[in-house]
Amino acid sequence: MTRLISMAAAAVLIAGCQTAPEGDGLRATAALQSTKGSKAFGEATFEQVGDKVRVVVFAQGLRPGQQHGFHIHEVGDCSSGDGMSTKGHFNPQGKPHGHPLSDARHSGDLPALFADASGRARIDATVDLITLQPGPTNIIGRGMIIHADPDDFRTQPTGNAGARLACGVIKAG
């Protein structure tokens, strides 16, 4: 009887593994470091899942109870100290800035970070218009920025998200 239960449990586990969505094995990370005068920092991870990318971000040192704009930027360079060396939002299709759920948006327009009462934020979102695979929408080597203010999703080309609080470079692996 015990052997029969073990075999049944193994069959369920194997079947579950076969039906679970699998990533493409492509992964990337970005360590988000505070810019000058900021206390914000965090980590972003990226995983290719079919034609989309799963983005998971943990950040802290943010303004408690506030929404913060969060974007992928053109250049993976945080050397300026204020995050400005990352240049503008990543936008290989030449679209206007917009809400992450709209069709008309930059590839780098990501969901907002919502800081809790302790200044910590977490997002887990699956997005399109970016990839970890070779091509024009590849984000490896690009910059990541956490902004001081909410993104209004209207102001061109930045969303009026304010100063750059944390900066990171997206690296494969």
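The values are calculated or read from the model by the stated rules, or taken from the named source; none is laboratory data. The structure presented is a predicted model; accordingly, all values stated were derived computationally and were not measured. Note: ideal-geometry Cβ built from the backbone for every residue, glycine included; neighbour counts use all protein chains shown.
In the stretch 126-160, the qualifying residues are those that are hydrophobic (A, V, I, L, M, F, W, C) and under 19 Å from Asp77 (Cβ atoms), and the one that is farthest from the chain's Cα centre (by Cα) is Ile140.
Within the stretch 100-119, being farther than 30 Å from Lys36 by Cβ and touching a Lys or Arg at 6+ places or on another chain (Cβ under 8 Å) holds for one residue alone: Ala104.
A quick yes/no check of all residues on (1) assigned to a loop (DSSP other than H, G, I, E, B); (2) surrounded by 15 or more Cβ atoms within 10 Å (Cβ to Cβ):
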| site | (1), (2) |
| --- | --- |
| Ala59 | no, yes |
| Gly65 | yes, no |
| Ser80 | yes, no |
| His106 | yes, yes |
| Asp116 | yes, no |
| Asp124 | no, no |
| Gly135 | yes, no |
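Considering the conditions (1) at pLDDT 95 or above; (2) out of contact with any helix residue (DSSP H, G or I) (no Cβ under 6 Å at 6 or more places or on another chain); (3) not polar (S, T, N, Q), Ala20 is excluded by exactly one of them, (1). Is there a residue being of a type in the set (Gly, Ala, Ser) and under 15 Å from Ala30 (Cβ atoms) anywhere in the stretch 53-67? Yes, the stretch 53-67 has at least one match.
Just so you know, in the stretch 36-57 the residues that are of a type in the set (S, T, N, Q) and in a strand (DSSP E or B) include one that is farthest from Arg120 (Cα to Cα), and it is Gln48.
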